[in-house]
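K.L.:
Pasting a structure here, questions to come.
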Amino acid sequence: MDFLITLLLQEIEQKEKAALDKCLKKEKLPYVKSIHDFDSSSQLSIDERRVKEVLTGRYIHNGDNILLLGPPGVGKTHIAISMSFEAITNLTPSTFSYSQ
């Protein structure tokens, strides 16, 4: 019985990983970044509480959009990629785009 449970759990894990990989491939993020990689101590203009709130994904369920504005070098792209990555890891469709 334990063997069967282990086998089923591995199957579920593999299917979830395959779904995540498919979503990441479809999203075409320029690179994968996590918010945990972001050094908020060097960017005092960014409110860490607001970033963490956005990463909960409530804005997605509310149908809201997020627009990141600011001067170059403050971490807008990193945060946007992190937001897309968080959504994708929750198997929520995401669209990442940026303007140069």
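K.L.:
Here is a list of conditions, (1) touching a residue at least 24 places away in the same chain (Cβ under 8 Å); (2) on the phi < 0 side of the Ramachandran plot; (3) in a loop (DSSP other than H, G, I, E, B), and Gly70 meets all of them except one; can you say which number that is?
P.N.:
(2)
K.L.:
On the given criteria, is Ile88 touching a helix residue (DSSP H, G or I) at 6+ places or on another chain (Cβ under 6 Å), open to solvent by less than 70 Å² (accessible area, probe 1.4 Å) and in a helix (DSSP H, G or I)?
P.N.:
Yes: the conditions hold for Ile88.
K.L.:
Being of a type in the set (Ser, Thr, Tyr), assigned to a loop (DSSP other than H, G, I, E, B), open to solvent by 70 Å² or more (accessible area, probe 1.4 Å) and within 16 Å of His78 (Cβ to Cβ), is that true of even one residue in the range 43-57?
P.N.:
Checked against the condition, which is being of a type in the set (Ser, Thr, Tyr), assigned to a loop (DSSP other than H, G, I, E, B), open to solvent by 70 Å² or more (accessible area, probe 1.4 Å) and within 16 Å of His78 (Cβ to Cβ), the range 43-57 yields at least one hit.
K.L.:
Can you name the residue in the range 2-37 that is at pLDDT below 80 and more than 18 Å from Phe96 (Cα to Cα) and, of all such residues, is surrounded by the fewest Cβ atoms within 10 Å (Cβ to Cβ)?
P.N.:
Looking at the filtered set, the residue picked out is His36.
K.L.:
Take the residues of the range 64-80 that are open to solvent by less than 30 Å² (accessible area, probe 1.4 Å) and hydrophobic (A, V, I, L, M, F, W, C): which is nearest to Ser94 (Cα to Cα)?
P.N.:
The residue in question is Ala80.
K.L.:
On to the next question. May I ask you to list the residues in the range 91-100 that are surrounded by fewer than 16 Cβ atoms within 10 Å (Cβ to Cβ) and under 20 Å from Lys17 (Cβ atoms)?
P.N.:
Leu91, Thr92, Pro93
The values are calculated or read from the model by the stated rules, or taken from the named source; none is laboratory data. What you see is a predicted model, and the numbers here were worked out from it, not measured in a lab. Positions of Cβ are backbone-derived with ideal geometry, glycine not excepted, and every protein chain shown enters the neighbour counts. Remember, those area values only see protein heavy atoms, side chains included, never the ligands or the DNA or RNA. Shrake-Rupley method; radii C 1.70, N 1.55, O 1.52, S 1.80 Å.
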